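One structure is given here, and the rest of the page talks about it.
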Amino acid sequence: MTALVQPTDTIPDYQSLMLPVLRAAVGGEVRIGEVVARLADALALSEAARTQSIPSGGQTLFGNRVHWAKTYLAKAGLVENTRRGHFRITPRGTDVLATDPERIDNQFLGRFAEFRQFVAAPTETGTAEAPAAPTATADQTPDEVMRAAHRRIEMALAKDLVDRVRTAPPEFFERLIVKLLLAMGYGGSAEQAGRSLGRSGDGGVDGVIDQDALGLDRVYIQAKRYAEGNTVGAGAIRDFFGSLDRHKATKGLFVTTSTFTADARQTAEYLSKRIVLVDSDQLATLMVRWNIGCRIEETLHLKRLDEDFFE
């Protein structure tokens with residue numbers, strides 16, 4: 001009996017896929033989509049691994065890495081593109097396979113001048129210098145590197161935003177939450193749909209959003225500008241619940257620049273009114289997404305070859 005292969009969720013990096021992609025091209029022209037499917041079967045990838053997509057959602061992560069493996073092989077002259085979505089092995093690629101290599105990666109491809117020129121970094125004068133071949137530890141594809149750098153930039157921005165909000169006056173924080181909710185679409189297009197109540201307060205409520213022009217459906221807001229480490233406990237959630245009850249409200253939003261205790265989250269979950277909790281991490285994420293307290297400095301466009309143009 002043939003033993004069943006246990007599906008795996010581990011997706012190989014693009015360099016580990018170079019040798020399998022090259023071997024898949026033996027025998028004539030192949031379609032990249034078929035290669036993706038064949039390699040997924042050969043690696044016994046689980047359904048979750050096969051369908052996991054890149055952040056843009058336009059391609060699966062595994063398919064993206066197979067494409068990059070094929071691209072790097074082409075830059076080294078081991079395969080060549082033939083027509084839309086198809087490629088084939090070159091004589092150089094056949095010669096490489098004849099040596100029975102254990103692995104093909106960026107370091108291996110660095111022996112070919114075309115690949116060294118491809119990875120050469122431009123100097124300040126605009127010319128290219130041929131650096132040492134990339135090491136096998138660079139497992140991320142170029143767009144994965146770009147997305148990772150983007151995440152690091154946004155994480156740093158999120159921390160700066162929260163730090164600035166913590167040092168701002170309480171009234172500013174309340175107005176910020178109202179502005180954020182309006183930017184997210186709460187309150188619709190009605191004028192004066194959202195307002196902070198300022199120092200006067202209103203029975204334990206810091207702001208309110210009218211979901212309709214007549215204010216028949218309202219979201220009440222509690223904003224706690226706490227320092228890091230000063231967590232919000234279950235008592236504050238119960239107090240806010242009481243405020244909602246006095247206003248005959250059915251839903252509320254509790255936002256803090258710190259975090260909530262586990263008891264606080266459990267209390268909000270079990271109370272009869274819908275109370276959504278937003279901590280500092282989620283607040284920063286929403287501010288970045290909706291451009292509250294930050295702005296777009298530069299837009300980078302990721303472009304790909306238009307195969308239809310050349311058909």
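Tabulated values for the structure
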| read-out | value |
| --- | --- |
| Any hit, the range 51-58, residues being buried (at least 19 other Cβ atoms within 10 Å of the Cβ) and under 25 Å from THR10 (Cβ atoms) | no |
| Residue check, ALA121 surrounded by fewer than 15 Cβ atoms within 10 Å (Cβ to Cβ) and at pLDDT 90 or above | no |
| All positions within the range 234-262 that are exposed (fewer than 14 other Cβ atoms within 10 Å of the Cβ) and either more than 23 Å from ARG218 (Cα to Cα) or under 33 Å from the mean Cα position of the chain (by Cα) (or both) | GLY235, ALA262 |
| Qualifying residues in the range 217-245 (those that are of a type in the set (Lys, Arg) and farther than 21 Å from ARG166 by Cα) - the one modelled with the lowest pLDDT | ARG218 |
| Qualifying positions in the range 3-30 - out of contact with any Leu (no Cβ under 8 Å at 6 or more places or on another chain) and closer than 16 Å to GLN59 by Cα | ASP13, TYR14 |
| Tally of residues being touching a helix residue (DSSP H, G or I) at 6+ places or on another chain (Cβ under 6 Å) and farther than 15 Å from PHE173 by Cβ across the range 221-260 | 4 |
| Candidate set from the range 31-57 (those that are charged (D, E, K, R) and assigned to a helix (DSSP H, G or I)); member that is farthest from THR82 (Cα to Cα) | GLU47 |
| Single condition GLY229 does not satisfy, out of (1) outside any strand (DSSP E or B); (2) small (Gly, Ala, Ser); (3) surrounded by 17 or more Cβ atoms within 10 Å (Cβ to Cβ) | (3) |
| Checklist (1) modelled with pLDDT of 90 or more; (2) touching a helix residue (DSSP H, G or I) at 6+ places or on another chain (Cβ under 9 Å) applied to ARG175, failing item | (1) |
| Qualifying residue in the range 83-90 (condition: touching a helix residue (DSSP H, G or I) at 6+ places or on another chain (Cβ under 7 Å), more than 19 Å from ASP139 (Cα to Cα), buried (at least 20 other Cβ atoms within 10 Å of the Cβ) and modelled with pLDDT of 90 or more) | yes |
| Where a residue in the range 21-47 is surrounded by fewer than 16 Cβ atoms within 10 Å (Cβ to Cβ) and its partner, wherever it lies, is part of a loop (DSSP other than H, G, I, E, B) and among the small types (Gly, Ala, Ser), with Cβ under 8 Å and at least six apart | ARG31/GLY85; GLY33/GLY85 |
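This table checks each residue for (1) of a type outside the set (A, V, I, L, M, F, W, C); (2) within 11 Å of ARG23 (Cα to Cα); (3) in the same structural domain as VAL26 (by TED's automatic domain parsing); (4) assigned to a loop (DSSP other than H, G, I, E, B).
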position: ALA69; (1), (2), (3), (4): no, no, yes, no
position: GLY77; (1), (2), (3), (4): yes, no, yes, yes
position: VAL96; (1), (2), (3), (4): no, yes, yes, no
position: GLN107; (1), (2), (3), (4): yes, no, yes, no
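The values are calculated or read from the model by the stated rules, or taken from the named source; none is laboratory data. Predicted model, so just to flag it, every value in this text is computed and none were measured. Glycine gets a Cβ as well: all are built from the backbone with ideal geometry, and neighbour counts include every protein chain shown.
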